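To start, the structure under review is shown below, and the notes come after it.
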Amino acid sequence: MKGFSKNLVPIVCLLGLVGFIAWFVVGDNNLIKPQMTLAAVSAPLAGAGNFGILSSTYTNTVPGTTINGDLGYTTGPAVAPTVSGTTHIADGTYNQAGIDQGSALAALNAQVCDFSFGVATDLSLLPQPLAPGVYCITGATSIGAGGGITLSGNGAFIFRIVGALTTVANSIVSVSGGASACDIFWTPTQATTLGANSTFLGTIIDDAGITIGSTVGWTGRALAFGGTITTDVDTITVPICAAPASISVVK
């Protein structure tokens with residue numbers, strides 16, 4: 001009998017372990033539920049959202065630039081662009097938009113990083129497409145050697161860059177899978193330069209200055225209240241957003 005009991009002990013223990021695993025996986029509904037994490041959240045731009053260009057100094061020296069949206073500045077260009085909206089020259093609407101730009105930037109910078117890069121990064125060399133989330137990059141950021149990037153999926157894309165943002169000539173930022181220019185944000189701490197003949201999407205908030213090369217097509221906003229924006233035969237179109245951006249849940 002004693003021998004039988006000793007032989008039975010390992011079997012009982014094994015059965016108990018199997019039963020525990022089965023309960024852990026199947027029996028506890030709380031444990032089998034997928035992990036739920038909050039993805040990036042688009043920032044409310046409020047009054048700044050109407051502006052295709054918002055700057056302290058706006059420089060444009062050639063005809064041909066079109067802004068489909070509002071334009072705001074304190075010091076204006078030598079050659080006025082074509083503006084479909086309203087031009088605000090250091091008025092109350094302009095000043096409030098500057099405050100709203102600052103609030104939006106603070107909201108974007110307060111979000112937790114989903115993807116972190118501790119060095120200068122060429123986004124076009126990352127595996128494509130890029131998923132929604134907060135991309136935190138310490139170092140200069142470019143869209144260069146790979147020629148472009150694709151942002152795919154419902155949700156916000158926030159590129160928090162400690163450094164400059166540069167795109168090469170003819171580069172393309174595109175979307176798929178429900179992604180929208182309404183929910184794409186770029187917040188470099190140093191100057192932004194968009195290459196000639198490139199296609200760009202999203203809102204750049206950069207009071208260090210934004211230089212837009214010739215013949216750039218941009219669906220988004222150039223917000224540099226307190227800084228300088230330079231254009232050259234470009235087309236900037238404020239996106240039409242059906243509703244305020246919401247929190248996206250990722251399983």
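It is to be established whether one or more residues within the range 206-215 are in contact with a strand residue (DSSP E or B) (Cβ under 8 Å, 6 or more places away or on another chain), in a strand (DSSP E or B) and open to solvent by less than 50 Å² (accessible area, probe 1.4 Å). There is at least one residue in the range 206-215 that is in contact with a strand residue (DSSP E or B) (Cβ under 8 Å, 6 or more places away or on another chain), in a strand (DSSP E or B) and open to solvent by less than 50 Å² (accessible area, probe 1.4 Å). The set of residues in the range 151-174 being surrounded by fewer than 17 Cβ atoms within 10 Å (Cβ to Cβ) and either outside any strand (DSSP E or B) or among the acidic types (Asp, Glu) (or both) consists of 154, 169, 170. Between 177, 148, 144, 195, the distinction of being at pLDDT below 95, touching a strand residue (DSSP E or B) at 6+ places or on another chain (Cβ under 6 Å) and surrounded by fewer than 22 Cβ atoms within 10 Å (Cβ to Cβ) belongs to 144 only.
With respect to the stated conditions, residue 106 fails to be among the hydrophobic types (A, V, I, L, M, F, W, C), open to solvent by 40 Å² or more (accessible area, probe 1.4 Å) and under 26 Å from residue 65 (Cα atoms).
A quick yes/no check of all residues on (1) without any contact (Cβ under 8 Å) to a residue 60 or more places away in the chain; (2) on the phi > 0 side of the Ramachandran plot:
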| residue | (1), (2) |
| --- | --- |
| 177 | yes, yes |
| 182 | no, no |
| 189 | yes, no |
| 192 | yes, no |
| 198 | yes, no |
| 215 | yes, yes |
| 229 | no, no |
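Tell me, yes or no, whether the range 28-40 has at least one residue that is crowded, with 16+ Cβ neighbours inside 10 Å and modelled with pLDDT of 95 or more. Within the range 28-40 (the criterion being crowded, with 16+ Cβ neighbours inside 10 Å and modelled with pLDDT of 95 or more), the answer is no, since none of the residues qualifies.
The values are calculated or read from the model by the stated rules, or taken from the named source; none is laboratory data. These numbers were taken from a predicted model, which means no experiment stands behind them. Don't worry about glycine lacking a Cβ; one is built from the backbone with ideal geometry, like all the others, and counts go over all protein chains shown. When the accessible area is computed, the model is the full protein with side chains, heavy atoms only, and any ligands, DNA or RNA have been set aside. Shrake-Rupley method; radii C 1.70, N 1.55, O 1.52, S 1.80 Å.
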